[in-house]
Amino acid sequence: MWSRIKKSIKRLFPRKREKIAFQQVFEQFQTLLQNQQEAMELIADLGEKSGGDYIFDRKYLVDSISELQDLLLRMVKGLNLISSERYYELYSTLDRVFSPIEMELRGRLALSNAPYVISLTEMPLDTPELTGGKANALGEIIHKLGIPAPSGFVITNRAYNRFVEYNDLEERIHSWLELWMLGKETLEKSSGQIRYSILAGIVPQDISRQIRDNTKTDNEFWAIRSSAYGEDGDLSFAGLHESVLNAPATQIPDAYKQVLASLYSPEALTYRRQMGMIGEEAAMAVLCQEMIDSRASGVIQTLSLESSQPNCLAIYAAFGLGRTVVEGRDSSDRYIVDRAYPHKIVFKRIAKKESFVRAASRGGEEEAILPEDIQSKSSISESAVNSLAKWAMALERYFKRPQEIEWAIDSADHIWILQCRKLAISPEQAETDGNIREQFSTYPILIENRGVVAHAGVGSGRVYIVNNHGDMSVFPEGSVLVTKYTAPWLAQIVPIATAIIAEKGSVAGHLATIAREFRVPALLGIDNATEVLQNGMEITLDTHHRTVYSGKVDELINFERVQSMVFEESPEFRLLRRLLKRIASLHLIDPYASDFTPGNCVSVHDMIRFIHEKSVQELMEIPGSLTHFKGAKVWTLESDVPLDLRILDLGGGIDPELSGNKVKIEQVRSLPLRALWEGVSYPDSWSTRPVEIDFKGLMSSLTRNWDAAGGGAVNAGFNLAVVNELYMNLHLRLGYHFNLIDATMYEQAQRNHIYFRFVGGVTDLTRRSRRAQVLSQILSNYHFNVLIKGDLVVARLLDLPKEEIKSRLHVIGALIGFSRQLDIQLKSDQDVDQFVEQFLNRYANLTKSLPGGGKDEQIKDYGLGR
Amino acid sequence: MNKLKIMVLDDEPIVCKRLKPALEKQGYEVDTFTQSSDAMEQIKNVNYDIIITDLKMKGVDGMQLLTEAKQLSPKTEVIVITGFATMETAKESFHKGVFDFIAKPFKLSEIQEVVSRAEAKIRGE
């Protein structure tokens, strides 16, 4: 689709590298920054929408993506304009990155390009259309929750389609179904004929080969289970489809057909007809898991279905494989456990278990008699009961509905989650009558109509206030995380929190992203949360009304529990999450790594990062090539500081009344340059202890270098600042090192940045690297993101308010003087710490101007600087 | 106090699915429709206090539904939800008879607030 655009661009900007006036480049760069900011805001908006506080439709997604694509195209054009078309490749990158996004929006990506077989560790999430509900849920358990589940693979829906097509089954299935629907044939006959055709079919080689590729492990036996789309979601096909346990790897294709055939069992057909789904195209993915050598196994229901045990979960357990428990619970051990941490056992009944089911040595299952002495023993330990309860509640928190979970304990006493699905609750149990609003109006309200919603939902538990790392190790699972900060280190307790309430934070910040990832209801920006909410208080958060109630509002929790839809599971939200994965994830981290290329851009964010980095580089380097300034007026700064600085004013950077060619710093209007010069002029900046190499001598030698490189209309032999009122690009050559500073000071924080680059020197690389260490440590101390490569130091700051930029420029100004001869003085590694300390002590006053507290939120930088 | 009856009409099922529980929790009785023709039939049988409708739909559009609803029951308050881009056109063509407009995408709290205001008007507060 780009070919036409490419041609017109070629015409407009011929490939020949031409010099463009700096003014023009600078304006283009400003536009580029503007586009970039809009694109990042759009991405942040999309991220925010995934938190569930908004109602959006498909059209919103289509419109946003098209806007994003438009902005990216403009950015690619912009970069190519300022770089004289050096990044032409980005046009095809743009095409490559957006084409799967467009396909996602059209809705058919999942099946058309998908593999027939995919391992659980590599499978994409949020694609139950491809892998079925059961496998998709297991994928999330493994990837997001880190709960142990047996490894394995999925034979996808696409493989089902391939199988049906290969064996010419479509017509046959259709006509038998039709005969039954028309009453011309019995259910049993139609079902039998279809299943027979499937069992007689051949698994195509391309599928069986991929199955073999996935079974090359030591474990020879497999559990093969159905994973139909919708099976574990709103619809409950529980028990309708077949599972084959303990099948040798060689028999997987046969077991696969057996499971596929069960899609047309009389029970499954009757159910689909009742649900009005018989006309729809059926398909089935099949999950293959390594067999766990179960010493004991069973089922958990995270909500006990007996009304006499409210707020409890039920664990059923027996020796051997799970079939005993799944098929009848009378002969199983039963534990009734408090749903709340620390999961006290409320009741237990140890059944007399005369037999058990075990894996037969040649495959399949067999029943065996239990030795009498253990028949009345409990099949699992109380610590296992505790672990199971903990994981079960984590699963319920994540999936937002009571769950039914199959588990196993192997001979080494490791616990495994085999599968989990929504627990079917009968309508009577789900009933909520009367006016729900009146029912919970009796609970005292602690916080109302305040804050911003990072992730929507209802969560209840006891308050646990986290102030520092130490509090985290003792955070009780299932508590409400209340915090002053939104620091990144909180991420590790988010998955075990039942809700989050923070005093600071924004919906685009780090904590919000993590809350969404783990689906934890989160309300941010409640400024006195840690005063209103005390440790140990039981509370309920409802983000829909941005309300925190005192106490556990059971009516509200039950109301949420029985709603037909978990928003996180709706097709729109899944689509948004799949899109975000292709848009917002960031893979290009290090701009100095060899893989920092257009070819390695995977996401839209990568592209933005790449374009941003390269455009800044282009902009910074252009003043080095003086031909861009042909005929421009250059001012000389008059100052006591021994730093010969020339200034090129792009407009508004120098007092307009001024004539001649000399300027005093008071007559400079450029805010960044003035801020920097204040730092440069601090007493002490230029009077460290004397160094052995003559400063003037160095200056003269650099003049020669500069002259050789330049040679334009402007006289060489000085340092150059290109400025306007709010912008400064400064090139310094002090000694043999080369220092570049690019900064903006707009009213809007999001438009502001400081870039600092420092390289070179007269000494050997070891000393220059020590100097890089000193600079890096000092700049990190002032919250710069710093990167070192050998003697190269690159430091960045983004999105800070004007005043903050100003105080950082003071630091950089002071650092210019401090660092000029640093490499010569750094004789050993020990000197590094000493010099860092010396700087920090000398300029202790600069530290005071820095904000305390919410550092992490202040330094939010859309990931561009990291 | 009687529960108010609300109709939600939007051809995107997600809008109905999410609005229904949110409004029920606020204490309203809610019926949802994704087919405007079904909704058109329904307003002949049931008197809704509030109708929340999308503007652009296949078949009968929000404008027609509004006219019909107001004719059948002048007291019914209609809230129009529409895409951000079509907001201005919507406001122009609908200046009569519409209680309020909401641009998609919107926050649950925004619509709850508009519905609360409509309720206050209906109850004469």
Matching residues in the range A:466-484 - criterion: being under 20 Å from A:Asn386 (Cα atoms) and free of Cβ contacts under 8 Å to residues at least 60 places away in the same chain: A:Ser473, A:Val474, A:Phe475
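So that you can scan it fast, the table gives a plain yes or no per residue for (1) under 17 Å from the mean Cα position of the chain (by Cα); (2) in a helix (DSSP H, G or I):
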residue: A:Leu580; (1), (2): yes, yes
residue: A:Phe596; (1), (2): no, no
residue: A:Gly599; (1), (2): no, yes
residue: A:Val602; (1), (2): yes, no
residue: A:Asp606; (1), (2): yes, yes
residue: A:His612; (1), (2): no, yes
Please tell me if A:Met1 is at pLDDT below 90, away from chain B (no Cβ under 14 Å), within 22 Å of the chain's Cα centre (by Cα) and under 27 Å from A:Arg582 (Cβ atoms). no
Taking the range B:11-48 and keeping only residues that are over 16 Å from B:Gln112 (Cβ atoms) and in contact with an Asp or Glu (Cβ under 6 Å, 6 or more places away or on another chain), one is left with B:Glu12, B:Ile14, B:Thr34
Going residue by residue through the range B:73-81, is there one that turns out to be of a type in the set (Asp, Glu), outside any helix (DSSP H, G or I), surrounded by 17 or more Cβ atoms within 10 Å (Cβ to Cβ) and away from chain A (no Cβ under 14 Å)? yes
Answer yes if at least one residue in the range A:63-70 is within 11 Å of another protein chain (Cβ to nearest Cβ), outside any loop (DSSP other than H, G, I, E, B) and hydroxyl-bearing (Ser, Thr, Tyr), and no otherwise. yes
Give the residues of the range A:25-43 that are surrounded by fewer than 20 Cβ atoms within 10 Å (Cβ to Cβ) and within 30 Å of A:Phe518 (Cβ to Cβ), sorted by residue number. A:Gln37, A:Glu38, A:Glu41, A:Leu42
Name every residue in the range A:752-794 that is at pLDDT below 80, assigned to a helix (DSSP H, G or I) and in contact with a Leu (Cβ under 7 Å, 6 or more places away or on another chain), in order of residue number. A:Arg767
With respect to B:Gly59, is the statement that it is within 14 Å of chain A (Cβ to nearest Cβ), on the phi > 0 side of the Ramachandran plot and free of Cβ contacts under 8 Å to residues at least 40 places away in the same chain true? no
Hey, A:Phe559 hits all of (1) in contact with a helix residue (DSSP H, G or I) (Cβ under 6 Å, 6 or more places away or on another chain); (2) among the aromatic types (Phe, Trp, Tyr); (3) more than 14 Å from chain B (Cβ to nearest Cβ) but one; which does it fall short on? (3)
Going through A:Leu388, A:Leu370 one at a time, which residue ends up being of a type in the set (A, V, I, L, M) and at pLDDT below 90? A:Leu370
Out of (1) more than 12 Å from chain A (Cβ to nearest Cβ); (2) surrounded by fewer than 16 Cβ atoms within 10 Å (Cβ to Cβ); (3) not in a helix (DSSP H, G or I), what's the single condition that is false for B:Glu88? (3)
Residues (in contact with a Ser or Thr (Cβ under 6 Å, 6 or more places away or on another chain) and buried (at least 20 other Cβ atoms within 10 Å of the Cβ)) located in the range A:483-508: A:Ala502, A:Lys504, A:Gly505
Looking only at residues that are within 11 Å of another protein chain (Cβ to nearest Cβ), of a type in the set (Lys, Arg) and in contact (Cβ under 8 Å) with a residue 24 or more places away in the chain in the range B:1-19, which one is surrounded by the most Cβ atoms within 10 Å (Cβ to Cβ)? B:Arg18
Which number in (1) outside any loop (DSSP other than H, G, I, E, B); (2) under 36 Å from the mean Cα position of the chain (by Cα); (3) surrounded by fewer than 20 Cβ atoms within 10 Å (Cβ to Cβ); (4) acidic (Asp, Glu) marks the one condition that A:Glu396 misses? (3)
Matching residues, the range A:86-104, being buried (at least 18 other Cβ atoms within 10 Å of the Cβ), closer than 20 Å to A:Ala584 by Cβ and at pLDDT 85 or above: A:Leu90, A:Thr93, A:Leu94, A:Val97, A:Phe98, A:Ile101
Has the range A:659-667 got at least one residue that is at pLDDT below 70, farther than 25 Å from A:Gln748 by Cβ and surrounded by fewer than 20 Cβ atoms within 10 Å (Cβ to Cβ)? no
Identify, from the list A:Leu72, A:Leu46, A:Leu79, A:Leu68, the residue that is over 24 Å from the mean Cα position of the chain (by Cα), surrounded by 18 or more Cβ atoms within 10 Å (Cβ to Cβ) and touching a residue at least 40 places away in the same chain (Cβ under 8 Å). A:Leu79
Looking at A:Arg546, A:Arg609, A:Arg574, A:Arg561, can you tell me which residue is in the same structural domain as A:Leu79 (by TED's automatic domain parsing), farther than 25 Å from A:Thr744 by Cα, crowded, with 17+ Cβ neighbours inside 10 Å and touching a residue at least 12 places away in the same chain (Cβ under 8 Å)? A:Arg574
Just one of the numbered conditions (1) among the small types (Gly, Ala, Ser); (2) touching a strand residue (DSSP E or B) at 6+ places or on another chain (Cβ under 8 Å); (3) away from every other protein chain (no Cβ under 14 Å) is not true of B:Ala103; which one? (3)
Is one or more of the residues making up the range A:23-32 modelled with pLDDT of 85 or more and not hydrophobic (A, V, I, L, M, F, W, C)? yes
Residue list for the range B:20-37, restricted to those being within 7 Å of chain A (Cβ to nearest Cβ) and in a helix (DSSP H, G or I): B:Pro21, B:Ala22, B:Glu24, B:Lys25
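Here's the yes/no breakdown for (1) basic (Lys, Arg); (2) surrounded by fewer than 24 Cβ atoms within 10 Å (Cβ to Cβ):
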| site | (1), (2) |
| --- | --- |
| A:Phe758 | no, no |
| A:Ala772 | no, no |
| A:Ser780 | no, yes |
| A:Arg796 | yes, yes |
| A:Pro801 | no, yes |
| A:Glu804 | no, yes |
| A:Leu815 | no, no |
| A:Leu822 | no, no |
Counting just the residues of the range A:284-319 that are among the β-branched types (Val, Ile, Thr) and assigned to a loop (DSSP other than H, G, I, E, B), which one comes out nearest to the chain's Cα centre (by Cα)? A:Thr302
Checking A:Leu840, A:Leu815, A:Leu850 in turn, the sole residue that is in contact with a helix residue (DSSP H, G or I) (Cβ under 9 Å, 6 or more places away or on another chain), at pLDDT below 85 and not polar (S, T, N, Q) turns out to be A:Leu850
Cβ-Cβ under 7 Å, sequence separation 6+ or interchain: first residue in the range A:488-509 and at positive phi, partner buried (at least 23 other Cβ atoms within 10 Å of the Cβ). Which pairs? A:Gly505/A:Thr486; A:Gly505/A:Leu511; A:Gly505/A:Ala512; A:Gly505/A:Leu524
Quick check: anything in the range A:307-325 over 19 Å from A:Glu242 (Cα atoms), surrounded by fewer than 18 Cβ atoms within 10 Å (Cβ to Cβ) and charged (D, E, K, R)? no
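The values are calculated or read from the model by the stated rules, or taken from the named source; none is laboratory data. Worth saying up front: this structure is predicted, and the values here are computed from it rather than measured. Using ideal geometry, Cβ is built from the backbone for each residue, glycine included, and neighbour counts are taken over all protein chains shown.
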